[in-house]
Amino acid sequence: MSKQVTLSINGISVTVPDGTLVADAAKMAGIDIPVFCHHPKLEPVGMCRMCLVEIGRPMLDRASGQVVMENGQPKIQFMPKLETACTNRVSEGMVVMTVSDKAKDGQKGTVEFLLTSHPLDCPVCDKGGECPLQNLTMQFGPGKSRFIYDEKLHFEKQVPLGELIWLDRERCIQCARCIRFQDEVAGEAVLGFDERGRNTQIVSLSNPGFDSVFSGNTTDICPVGALTTADFRFGARPWELKAQASICTQCPVGCNTTLNTRREAKAGGDVVVKRVMPRQNEEVNEIWLCDKGRFAHHYTESKKRLARPMIRKEEKLARASWDAATKLAAENFVANKKDFVVLASGRLANEDLFNLKSLADHADGTAILYSDMGGGDLTQLVGVGAGTNIGKMGAGDAILVVASDLYEEAPIWWLRVKQAADRGATLIVANPRETKLDKFAKFTIRYAYGDEVKTINDFSRKSKIADEFAKAKNAIVFFGSEGLGLNGSSTLASACATLLKETDHVGRPNNGLVGVWQRANEQGAWEVGFRPVPDLEKALKGKAVYIVGADPVGDDPNLAKALKGAKFIAVQDVLETATTEIADVVFPAQVYTEREGTYISGERRVQRFYPAVPPSGDAKPDFAITSQVAKQMGVILEGSSASVVFDILANSIEGMADLSYANLAEVHGQWPIVGRGDLYYGGTTYENTQGLGVQLVPMAQAGGTVRIPKVRKEAALRPKDKELIAVPVTKLYDRGVTINPAQLLNERVGEATVALHPATAKKMGLETGARVKVSFDGVNGEALLKMDDTISMGVVLVPRSMGMAIREPVTARILPKERRDGVIQGVSGKVK
């Protein structure tokens, strides 16, 4: 426990850790000191002077250094002028007065100066109703201004810093919170000040503007209406909004969110989600969100939402009743019992996956996870221990990130890992190409695509990197699927698990293995028993297939071909897709905003989400649809209550027996203290009152036997002379079905691109920006060519979910679009 210091604030004795800022110490004691520039997640700067208070300290005898006593009490010496509570740290015996006449005069004067050129547009300002300046003006400001209205400075009021964030320069009070967040927290200093004095203004320093995936957070911590999101500005007033707790579904981090909803006329009187806000969970996302999680929710209200069950009649899909649709599916599944396959993705909640797995088991079918990444069985064994919090890792700890570009795959993990490195943790980044995390790493390891396992195995050899990792107090390994398919990621997971076990970094908090999954709840799918298969085409061909939360036809022409020969296809999803178009029966499912359920994050934290808007049409929760199908097959599954399904699930799965919706909803005190009652301190982030979740205990921590499969040695696919190898990489903003409807993100999604080493491109006669034709493994597509001098020659990077289906490394060819003669021909790769 850190050293404690006792001081007096407004006559109240307060004991806090040594080094605490006076403003934060007051907050801990329930005493509010007004602030604008200060934020508990940022370094102190003392720019706005709003927190002026009187501070007295025990007088010390110059000769002896001892405290001077007076009437048996330390003699307190106050400075002649007010001091800032946000820059002064507490000391033993300090006396602070925040509401003295002198302090109140200082605070009143600060507000008055801030308002000298601030526009009087509260009635039309997006921040109205949740504005710190508005609130503090009412509490501390003067009744009227002594400054002449005509002398107010006027600036541009609609300045796009980027396509997502707008700046009103008149409203800015130069607190620099946005600049400091981007520099200190996000590590992307893309904002800065320009001009001087009263002409000081915020500008974007990047091209494209505000080039950061964390830009939306600046609008949360902005204490005025200067920064607004393009998604929400002029969309609603804060007091019109209702709030409901939820979980982000865009990646495996499991960020806690709050959905703000409102009924509105332009939506036909429907209740809609107006914005997604962060909900504090210091062990998951703290008070931050990435822009994808903040803005990609629009698919839930897409015009392509499925609203009614449909049955194929005369080669066309026609509306049907639930009874008729489920009966048709059940009859075909029973008739093809030996060929019954359930194909489900990690987009589904645990309750949905559990009912699907139960149905497959009862019907002697096969439950397949729609994923190209393996290793979930190993995270169950040596995953991070219960109690893990990356926010507590620092000096003496180690974090290894291998085969993963966290910035593109799980941005909040990137943020937290980067901050752990800032606190002194040894960060090791092992990847075939440069990533944004490299500049924060103590060690960077480059390997050729295909050498992932060899790289991890080399850790067992004596080297400085291996030595630091082995001697670390705590160590976590994040493994991903950069350049890998199912087999490659599975063997990498085995190698990482072996490394952790051999260095004794399993079985306790802040130690273990984390999978950087491609979908939000893939870990949950592994937990309930779903497994991916090496040859999905073979597994689907000639079968009766129940496809849930997946679009294999739209994703991969080879899978589309395999499904053409299926005996029967039932598709259950939230949107119209290429797969629903070929289905024999279609079931409309509710989206996560319309229902309750649970997800399991990559750190194996089970978390609840809640319904925020009414269901669309006749859509039902996935678990309920599966229950109805099962009933028609003579199988009884719970379908009326998500919480009851979860109770059955918890009692059926080892390690989850103590879980319930009640304990998932439990909360405890967190620091910093944020909430809607003191917006000037923590911003507009929501306090967490509906659940922090529960982390599962891995087998290594539970004391069970941990047997890690031996790493299978497989020959890596290498580019031979005059050949190209296409490898899959992940792009944050892609063309997935949950991203496409968010038109606001179109610019960030951009066109499909592929990347080559400049020397490879030169050899082929290609230049940056050239439009090329790419073909591999029966897949053909067009893309713009980019250069990346950090990758190996002979390798072409192909982003997933951008129109070219790639599931594993494969030999490829590239042709310039304008030419018909081959630059690289066929799989032999011979140059003409």
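Of all the listed residues (F459, F440), the sole one being surrounded by 17 or more Cβ atoms within 10 Å (Cβ to Cβ) and at pLDDT below 95 is F459. Pairs meeting the criteria (first residue in the stretch 780-799 and crowded, with 21+ Cβ neighbours inside 10 Å, second residue part of a strand (DSSP E or B) and among the charged types (D, E, K, R), beta carbons under 9 Å, at least 6 apart or on different chains) are A783/R771; A783/K773; L785/R771; L797/K786.
Sort through A578, A560, A566 and tell me the only one that's on the phi < 0 side of the Ramachandran plot, surrounded by fewer than 23 Cβ atoms within 10 Å (Cβ to Cβ) and free of Cβ contacts under 8 Å to residues at least 24 places away in the same chain. So that I can check it myself, show each step before the final result.
Numbers: A578 fails: free of Cβ contacts under 8 Å to residues at least 24 places away in the same chain; A566 fails: free of Cβ contacts under 8 Å to residues at least 24 places away in the same chain.
The match here is A560.
Here V5, V68 are screened, and the one residue that is modelled with pLDDT of 95 or more, in contact with an Asp or Glu (Cβ under 6 Å, 6 or more places away or on another chain) and more than 30 Å from N135 (Cα to Cα) is V5.
To keep it simple, each residue is scored yes or no on (1) open to solvent by 60 Å² or more (accessible area, probe 1.4 Å); (2) under 21 Å from the mean Cα position of the chain (by Cα); (3) at pLDDT 95 or above.
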site: R177; (1), (2), (3): no, no, yes
site: D183; (1), (2), (3): yes, yes, yes
site: G192; (1), (2), (3): no, no, yes
site: N199; (1), (2), (3): yes, no, no
site: G216; (1), (2), (3): no, yes, yes
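Name the single residue that is most open to solvent (accessible area, probe 1.4 Å) among those in the stretch 698-733 being under 26 Å from the mean Cα position of the chain (by Cα) and within 18 Å of L785 (Cβ to Cβ). The extreme case among them is K731. Taken together, the residues in the stretch 533-550 that are assigned to a loop (DSSP other than H, G, I, E, B) and surrounded by fewer than 23 Cβ atoms within 10 Å (Cβ to Cβ) amount to 5. Of the strands (runs of 3 or more DSSP E) entirely within the stretch 224-321, those holding at least 2 residues that are within 25 Å of Q134 (Cβ to Cβ) occupy 227-229, 242-247, 256-263, 271-278. When each of E282, E314 is tested for being acidic (D, E), without any contact (Cβ under 8 Å) to a residue 12 or more places away in the chain and open to solvent by 20 Å² or more (accessible area, probe 1.4 Å), the lone residue that passes is E314. What are the residue pairs meeting all of these: first residue in the stretch 698-721, first residue under 16 Å from P509 (Cα atoms), second residue open to solvent by 60 Å² or more (accessible area, probe 1.4 Å), Cβ atoms under 8 Å, and 6 or more apart or on different chains? Pairs found: M699/T705; A700/K501; Q701/R508.
Sub-6 Å Cβ pairs linking a first residue in the stretch 142-161 that is open to solvent by 60 Å² or more (accessible area, probe 1.4 Å) to a second residue that is among the hydroxyl-bearing types (S, T, Y), at least 6 apart or interchain, are F147/T116, ordered by first then second residue. Filtering the stretch 577-625 to residues that are assigned to a loop (DSSP other than H, G, I, E, B) and closer than 27 Å to D377 by Cβ leaves S601, G602, E603, R604. From (1) crowded, with 23+ Cβ neighbours inside 10 Å; (2) under 19 Å from the mean Cα position of the chain (by Cα); (3) under 30 Å from F193 (Cβ atoms), pick out the condition that doesn't hold for C222. Only one criterion in (1) crowded, with 23+ Cβ neighbours inside 10 Å; (2) under 19 Å from the mean Cα position of the chain (by Cα); (3) under 30 Å from F193 (Cβ atoms) is unmet by C222, namely (2). For the stretch 100-130, filtered to residues that are of a type in the set (A, V, I, L, M) and surrounded by fewer than 17 Cβ atoms within 10 Å (Cβ to Cβ), the residue that is farthest from the chain's Cα centre (by Cα) is L120. Applying the set (1) out of contact with any Ser or Thr (no Cβ under 8 Å at 6 or more places or on another chain); (2) without any contact (Cβ under 8 Å) to a residue 24 or more places away in the chain to T598 leaves exactly one unmet item: (2).
The values are calculated or read from the model by the stated rules, or taken from the named source; none is laboratory data. Not measured: the values here are computed from a predicted model. FYI the Cβ positions are ideal-geometry reconstructions off the backbone, even for glycines, and counts take in every protein chain you see. Keep in mind that these areas ignore ligands, DNA and RNA; they rest on the heavy atoms of the full protein, side chains included. Shrake-Rupley method; radii C 1.70, N 1.55, O 1.52, S 1.80 Å.
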